[in-house]
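**Q** Sending over a structure as structure tokens; questions will come in a sec.
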Protein chains: 2
Amino acid sequence: MIQKLISAIQRTDAPIVVGLDPKLSMIPDRIKNRSFEEFGQTPEGAADALWQFNKELIDNIYDVIPAVKPQIAMYEQLGIEGLIAFKKTVDYCHDKGLIVIGDIKRGDIGSTSESYAIGHLGSVTIGSNKYSGFNEDFATVNPYLGSDGVKPFIDVCNSEDKGIFVLVKTSNPSSGEFQDRLIDGKPLYEHVGAKVEEWGMGSMEGDYSNVGAVVGATYPEMGAKLRSIMPHAFILVPGYGAQGGKGSDLKGFFNKDGLGAIVNSSRGIIAAWQNEKYSKFGDNVGEAARQAVFDMKEDINGAIR
Amino acid sequence: MIQKLISAIQRTDAPIVVGLDPKLSMIPDRIKNRSFEEFGQTPEGAADALWQFNKELIDNIYDVIPAVKPQIAMYEQLGIEGLIAFKKTVDYCHDKGLIVIGDIKRGDIGSTSESYAIGHLGSVTIGSNKYSGFNEDFATVNPYLGSDGVKPFIDVCNSEDKGIFVLVKTSNPSSGEFQDRLIDGKPLYEHVGAKVEEWGMGSMEGDYSNVGAVVGATYPEMGAKLRSIMPHAFILVPGYGAQGGKGSDLKGFFNKDGLGAIVNSSRGIIAAWQNEKYSKFGDNVGEAARQAVFDMKEDINGAIR
């Protein structure tokens, strides 16, 4: 799967993933009103608004980006109806040829991690038929439980040609509370990074592994260090834009081949229409998002080349 | 919420939680066949079998236990249909007066953690109405992202009278890979435990906090140490039974008041009917589970008193 992601990045010349993390406050009234008229001011109505908003975005940017990253929490907060909108979004992105990174941050012990892996990346066998639950292409995974929490995901990646990104150094202000603590003279995130590289050896495709890492754009020096610790891991980089990461921070996340990282922006793209800079687009969320993608691409490609 | 859990433990004299983590292989043919006849060999059929199995269990044990702990991964692997069965199970347990610990192991940054907290413990406001997504009473939370990943859960706990159990030392074999690494002379899990105690200070109810901890029965010495580091945290103890933890391992997890811990058993109770020891019950899953609860209660109360 990592080579599919690399091909898509090369085809679009955009090491960019758009985070589909919609909140109702980002959705224009014209979309919300239509959904609430049809389904009422209910979880079904709110979930329909998320889905219609996503669809409008995807229709306008699918040809210029390689991948999307829906954050499942934004859907899960609406319960079942929200998760139906999540699934519709995943399927629609696939129809449009996009790679889907499910930002699910799951992680548990052995057979329980296996169930998450099956639900999000694999398929469950019932009788003589196979059914996939959510069918993302990649999933984000939390490493706190160690190898036997992560390996079931890798097994599913290997059997179904999928991939994962393991949380190594997250973009949030308090990520250092545990992740930066020194163990044998090195921060915990470096130990986790070394494990990511080791886990990835069992799932190589060309120069890269299907086991990637999450490292926040907000910590550029740590990103550069982790790049050297995990030469075969693709890095998913959150924290660009609204969280404070800039293009100039990102060079160290990439390898000399110009690959090795994909940078996420959520609010900066999907809520671009609410940004003064893109006010000329009015509430045309798709056109504003498309321009924001072009601007982000220029910022990042300018910085890493 | 922690005082509601304590009252329920005292009423039933059972510091026990039953893990509702069903697999199809644990479900008698008579239940599976009925579900598959009605809904086909589909995710809907499989999810109905999980739900019917849970219902039969709950009907037979609800009066002798304080709480259940459905593991959401077992449902999530069936996609939307599985999550509908999860929600039905939560609601049915509430109807029967049980406290529900959602074993969801979520955790993300700031506003995303808030979305998970809202979806599982709180409610979302749409227009002038409030809707709850999954409505568990407690949720398990992963601490890897630090305070700003955990605090949004605590805020929801405080506003909605709910609780959490933060992963501190998990029961699986490789949990030590990161959790046991020494930082300033103390293992990481002790640092996380100290944070749990600190986080809990903002959510006290009597002697205990709504911020509890997960510590595996498979590590009894670490449990005793963590008990002293987190005097106000209730400990949710997985790993009893099938994973190897015994009643005699558990004394150190409890405080002198006889409280402070609740021990989970999943397979040992819900699949008791498949255990030679309970073969006299045939495929009466409920009667076998009820006897297994009594046996577990005797084992644990005998050890901690």
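The values are calculated or read from the model by the stated rules, or taken from the named source; none is laboratory data. As the structure is a computational prediction, the values presented were derived from the model and not from experiment. Reconstructed Cβ throughout: ideal geometry from the backbone, glycine too, with neighbour counts over all protein chains shown.
**Q** (1) within 12 Å of chain B (Cβ to nearest Cβ); (2) surrounded by fewer than 24 Cβ atoms within 10 Å (Cβ to Cβ); (3) among the small types (Gly, Ala, Ser): which one isn't true of residue A:97, the others all being true?
**A** Of everything listed in (1) within 12 Å of chain B (Cβ to nearest Cβ); (2) surrounded by fewer than 24 Cβ atoms within 10 Å (Cβ to Cβ); (3) among the small types (Gly, Ala, Ser), residue A:97 misses just condition (1).
**Q** So which residues in the stretch B:256-287 are without any contact (Cβ under 8 Å) to a residue 40 or more places away in the chain and either within 21 Å of the chain's Cα centre (by Cα) or not in a helix (DSSP H, G or I) (or both)? Break it down stepwise before answering.
**A** Of all residues in the stretch B:256-287, those without any contact (Cβ under 8 Å) to a residue 40 or more places away in the chain come to B:256, B:268, B:272, B:275-282, B:284.
The answer is B:256, B:268, B:272, B:275, B:282, B:284.
**Q** Consider residue A:229 carefully, then state whether it is more than 10 Å from chain B (Cβ to nearest Cβ), among the β-branched types (Val, Ile, Thr) and either in contact (Cβ under 8 Å) with a residue 12 or more places away in the chain or surrounded by fewer than 21 Cβ atoms within 10 Å (Cβ to Cβ) (or both). Break it down into steps so the answer makes sense when it comes.
**A** Details: more than 10 Å from chain B (Cβ to nearest Cβ): yes; among the β-branched types (Val, Ile, Thr): yes; either in contact (Cβ under 8 Å) with a residue 12 or more places away in the chain or surrounded by fewer than 21 Cβ atoms within 10 Å (Cβ to Cβ) (or both): yes.
Answer is yes for this residue.
**Q** Starting from residues that are among the hydroxyl-bearing types (Ser, Thr, Tyr) and farther than 14 Å from residue B:259 by Cα, keep the ones in the stretch B:201-230 and report whichever is modelled with the highest pLDDT. Even if it seems obvious, please write down each step before you answer.
**A** Initial filter on the stretch B:201-230 (among the hydroxyl-bearing types (Ser, Thr, Tyr)): B:203, B:208-209, B:218-219, B:228.
Restricting the remaining residues to those that are farther than 14 Å from residue B:259 by Cα gives B:203, B:218-219.
On the way: B:203: 97, B:218: 92, B:219: 92.
Of everything passing the filter in the stretch B:201-230, B:203 is modelled with the highest pLDDT.
**Q** Could you tell me whether any residue of the stretch A:120-127 is surrounded by fewer than 18 Cβ atoms within 10 Å (Cβ to Cβ), on the phi > 0 side of the Ramachandran plot and at pLDDT 95 or above?
**A** No, because not a single residue in the stretch A:120-127 is surrounded by fewer than 18 Cβ atoms within 10 Å (Cβ to Cβ), on the phi > 0 side of the Ramachandran plot and at pLDDT 95 or above.
**Q** Kindly indicate whether residue A:44 is part of a helix (DSSP H, G or I) and at the interface with chain B (Cβ under 10 Å from one of its Cβ atoms).
**A** Numbers: part of a helix (DSSP H, G or I): yes; at the interface with chain B (Cβ under 10 Å from one of its Cβ atoms): yes.
In short, yes.
**Q** Moving on to the next point. Being touching a Gly at 6+ places or on another chain (Cβ under 6 Å), under 22 Å from residue B:108 (Cβ atoms) and at pLDDT below 95: is that true of residue A:239 here?
**A** Numbers: touching a Gly at 6+ places or on another chain (Cβ under 6 Å): yes; under 22 Å from residue B:108 (Cβ atoms): yes; at pLDDT below 95: yes.
When the stated conditions are applied, residue A:239 passes them.
**Q** When you go through A:87, A:55 one by one, which is the residue that is surrounded by fewer than 24 Cβ atoms within 10 Å (Cβ to Cβ), within 26 Å of residue A:162 (Cβ to Cβ), out of contact with any Leu (no Cβ under 7 Å at 6 or more places or on another chain) and more than 14 Å from chain B (Cβ to nearest Cβ)?
**A** Details: A:87 fails: more than 14 Å from chain B (Cβ to nearest Cβ).
Within the list A:87, A:55, the selection yields A:55.
**Q** To continue, here is another question. Those residues that are hydroxyl-bearing (Ser, Thr, Tyr), free of Cβ contacts under 8 Å to residues at least 60 places away in the same chain and touching a Phe, Trp or Tyr at 6+ places or on another chain (Cβ under 7 Å), I need them from the stretch A:115-146; list them, please. I'd like the intermediate steps shown before the answer.
**A** Of the residues in the stretch A:115-146, the ones hydroxyl-bearing (Ser, Thr, Tyr) are A:115-116, A:123, A:125, A:128, A:131-132, A:140, A:144.
Filter once more, keeping what is free of Cβ contacts under 8 Å to residues at least 60 places away in the same chain: A:115-116, A:123, A:125, A:128, A:131-132, A:144.
Those that are hydroxyl-bearing (Ser, Thr, Tyr), free of Cβ contacts under 8 Å to residues at least 60 places away in the same chain and touching a Phe, Trp or Tyr at 6+ places or on another chain (Cβ under 7 Å): A:123, A:144.
Rundown of residues vs (1) surrounded by fewer than 23 Cβ atoms within 10 Å (Cβ to Cβ); (2) of a type in the set (S, T, N, Q); (3) farther than 25 Å from residue A:303 by Cα, yes/no style:
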| residue | (1), (2), (3) |
| --- | --- |
| A:180 | yes, no, yes |
| A:194 | yes, no, yes |
| A:202 | yes, no, yes |
| A:218 | yes, yes, no |
| A:242 | yes, no, no |
| A:254 | no, no, no |
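For every residue, the table says whether it meets (1) in contact (Cβ under 8 Å) with a residue 40 or more places away in the chain; (2) farther than 30 Å from residue A:13 by Cβ; (3) surrounded by 24 or more Cβ atoms within 10 Å (Cβ to Cβ).
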{"position": "A:32", "(1), (2), (3)": "no, yes, no"}
{"position": "A:51", "(1), (2), (3)": "no, no, no"}
{"position": "A:70", "(1), (2), (3)": "yes, no, yes"}
{"position": "A:81", "(1), (2), (3)": "no, yes, no"}
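**Q** Of all residues in the stretch A:152-171, which are without any contact (Cβ under 8 Å) to a residue 60 or more places away in the chain and either facing chain B (nearest Cβ under 9 Å) or among the small types (Gly, Ala, Ser) (or both)?
**A** Correct list: A:159 only.
**Q** Search the stretch A:103-132 for residues being among the acidic types (Asp, Glu) and within 20 Å of residue B:108 (Cβ to Cβ), and hand back the single one that is farthest from the other protein chains (Cβ to nearest Cβ). Step through it out loud before you land on a result.
**A** Taking the stretch A:103-132 as the starting set, the residues that turn out to be among the acidic types (Asp, Glu) are A:103, A:108, A:114.
Applying the additional criterion that residues be within 20 Å of residue B:108 (Cβ to Cβ) yields A:103, A:108.
On the way: A:103: 8, A:108: 5 Å.
My answer is A:103.
**Q** A further question on this structure: Is it true that some residue in the stretch A:13-30 is surrounded by fewer than 21 Cβ atoms within 10 Å (Cβ to Cβ), farther than 17 Å from residue A:270 by Cα and within 19 Å of the chain's Cα centre (by Cα)?
**A** Yes, the conditions are met somewhere in the stretch A:13-30.
**Q** Identify all residues within the stretch B:78-135 that are among the acidic types (Asp, Glu) and part of a helix (DSSP H, G or I); write none if there are none.
**A** Of the residues in the stretch B:78-135, the ones among the acidic types (Asp, Glu) are B:81, B:91, B:95, B:103, B:108, B:114.
Matches in the stretch B:78-135: B:81, B:91, B:95, B:114.
**Q** Regarding residue B:190, is this residue within 26 Å of residue B:249 (Cα to Cα), more than 12 Å from every other protein chain (Cβ to nearest Cβ) and surrounded by fewer than 24 Cβ atoms within 10 Å (Cβ to Cβ)?
**A** Details: within 26 Å of residue B:249 (Cα to Cα): yes; more than 12 Å from every other protein chain (Cβ to nearest Cβ): no; surrounded by fewer than 24 Cβ atoms within 10 Å (Cβ to Cβ): yes.
No: the conditions fail for residue B:190.
**Q** Would the stretch B:256-270 turn up any residue that is farther than 23 Å from residue B:7 by Cβ and surrounded by fewer than 24 Cβ atoms within 10 Å (Cβ to Cβ)? Break it down into steps so the answer makes sense when it comes.
**A** Of all residues in the stretch B:256-270, those farther than 23 Å from residue B:7 by Cβ come to B:266-268, B:270.
Next, from what is left, pick out any that are surrounded by fewer than 24 Cβ atoms within 10 Å (Cβ to Cβ): B:267-268.
Yes, some residue in the stretch B:256-270 is farther than 23 Å from residue B:7 by Cβ and surrounded by fewer than 24 Cβ atoms within 10 Å (Cβ to Cβ).
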